[in-house]
Amino acid sequence: MITHAPPVGLTLMDVPIHDVTMEETVGWITRWIAGGGAHQIATVNPEFLIRAREQGDFRAVLHQAALCIPDGIGILWAARLRSGHLRERVAGSDLVPRIAREASDRGWRVFFLGAAPGVAEKAASVLAARYTGLQVAGCYAGSPALEDEEAIVRRVRSAHTDLLLVAYGAPRQDLWLARNLERTQAAVGVGVGGSFDFLAGVSRRAPRGVQRLGLEWLYRLIQEPWRWRRQLALPWFAWLVLLRRDAPPDSG
Ligand code: UDP
């Protein structure tokens, strides 16, 4: 059976989250790069959803994204509680190296946009060393500021980018992609959060064992305690899901 869109496994805070595995995600990317057009991928976690609940333009971006992948363990927990169907966690930080592997096999040109100066370059060179033949279309920190958009779009477009990775953190990276992906002429754009920082060694990812226990969020909080205010979104998310009070306040 040929399907034209990934299946939605759960709708939370009025945001559809797709039931895709890592390998299916790579399959969709492959199809979209072969077929052209502009396809945005968002890596959805509880912080995203709390933000989207309050911010209508961010919610609209997640609605029109081609793929909202279940990035956080909290999303899988909510799916179980709400009888949703999400088979596995597809973390953006795992997707980036997986994409790089596929890109090196298939000859896709990948552009690394965002993070602090020098970090995108470092992340790209780590991946290029791991996956020989990876075609790095470009690396640029740039900024998510509106006045820089035009120049960045031109840079990405003239690099003949197939796949654009944007690391400006949520929701900036996702809003940026919604405004500009089509103009860059890249077939796929992914908001990748802190993935370049992990690859470049700027921040450290939780060990696999901690990830498997579903405690990556706790590890991140211990590594980067300044995140505590943002991570208050987690208990708030759990509370809203448990009480089934997740509908956005402005959705009537
Ligand atoms: N970032 C950036 N410009 C900005 C804000 C953030 O380049 O104006 C980068 C930041 O350096 C980091 C990435 O965005 O590499 C992700 O930031 P954060 O860790 O806050 O996002 P998360 O992973 O939590 O979505």
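The values are calculated or read from the model by the stated rules, or taken from the named source; none is laboratory data. All values reported here derive from a predicted model rather than from experimental measurement. Cβ placement follows ideal geometry from the backbone for every residue including glycine, while neighbour counts extend to all protein chains displayed. These accessible areas exclude ligands, DNA and RNA; they are computed on the full protein's heavy atoms, side chains included. Shrake-Rupley method; radii C 1.70, N 1.55, O 1.52, S 1.80 Å.
In a residue-by-residue description of the range 177-184, the property of being in contact with a strand residue (DSSP E or B) (Cβ under 7 Å, 6 or more places away or on another chain) and open to solvent by 10 Å² or more (accessible area, probe 1.4 Å) applies to at least one position.
Condition first: assigned to a loop (DSSP other than H, G, I, E, B), within 15 Å of the ligand (Cβ to nearest atom) and on the phi < 0 side of the Ramachandran plot. Can you find one or more residues in the range 230-246 that meet it? Taking every residue of the range 230-246 in turn, at least one turns out to be assigned to a loop (DSSP other than H, G, I, E, B), within 15 Å of the ligand (Cβ to nearest atom) and on the phi < 0 side of the Ramachandran plot.
List the strands (runs of 3 or more DSSP E) inside the range 1-44, counting only whole elements, that have at least 2 residues being open to solvent by 20 Å² or more (accessible area, probe 1.4 Å) and β-branched (Val, Ile, Thr).
Values: elements: 8-12, 15-18, 39-44.
Here the list reads 8-12.
In this structure, is residue 92 surrounded by fewer than 21 Cβ atoms within 10 Å (Cβ to Cβ) and not aliphatic (A, V, I, L, M)? Before the answer, list the steps.
Working: surrounded by fewer than 21 Cβ atoms within 10 Å (Cβ to Cβ): no; not aliphatic (A, V, I, L, M): yes.
Taking the combined requirement at face value, the residue does not satisfy it.
Pairing each residue of the range 187-208 that is assigned to a helix (DSSP H, G or I) with any residue that is more than 8 Å from the ligand (Cβ to nearest atom) and charged (D, E, K, R), provided the two are 6+ apart or on different chains, yields C-beta distances under 8 Å for 196/122; 198/204; 198/205; 199/122; 200/122. Does residue 245 count as without any contact (Cβ under 8 Å) to a residue 40 or more places away in the chain and not hydrophobic (A, V, I, L, M, F, W, C)? Against the criterion (without any contact (Cβ under 8 Å) to a residue 40 or more places away in the chain and not hydrophobic (A, V, I, L, M, F, W, C)), residue 245 qualifies.
Results for (1) closer than 21 Å to residue 217 by Cα; (2) crowded, with 19+ Cβ neighbours inside 10 Å; (3) among the β-branched types (Val, Ile, Thr), shown as yes or no for each residue.
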{"position": "65", "(1), (2), (3)": "no, yes, no"}
{"position": "76", "(1), (2), (3)": "yes, yes, no"}
{"position": "85", "(1), (2), (3)": "no, no, no"}
{"position": "105", "(1), (2), (3)": "no, no, no"}
{"position": "123", "(1), (2), (3)": "no, yes, no"}
{"position": "132", "(1), (2), (3)": "no, no, yes"}
{"position": "158", "(1), (2), (3)": "no, no, no"}
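Just to verify a result, which residue in the range 149-205, among those that are of a type in the set (Val, Ile, Thr) and within 11 Å of the ligand (Cβ to nearest atom), is farthest from residue 25 (Cα to Cα)?
Across the range 149-205, the extreme among qualifying residues is 202.
If I go through the range 191-209 residue by residue, how many of them are open to solvent by less than 60 Å² (accessible area, probe 1.4 Å), hydrophobic (A, V, I, L, M, F, W, C) and closer than 10 Å to residue 115 by Cβ? Residues that pass the stated criteria total 4. The single condition among (1) assigned to a helix (DSSP H, G or I); (2) in contact (Cβ under 8 Å) with a residue 24 or more places away in the chain; (3) open to solvent by less than 60 Å² (accessible area, probe 1.4 Å) that residue 165 does not satisfy is (1). The residue that is farthest from the ligand (Cβ to nearest atom), counting only those in the range 80-116 that are under 24 Å from residue 169 (Cα atoms) and of a type in the set (Gly, Ala, Ser), is 103. With respect to the conditions (1) crowded, with 18+ Cβ neighbours inside 10 Å; (2) more than 15 Å from the ligand (Cβ to nearest atom); (3) of a type in the set (Lys, Arg), residue 212 lacks only one, and its number is (1). Just one of the listed residues (128, 123) is away from the ligand (no atom under 16 Å from the Cβ), in a helix (DSSP H, G or I), on the phi < 0 side of the Ramachandran plot and hydrophobic (A, V, I, L, M, F, W, C), namely 128.
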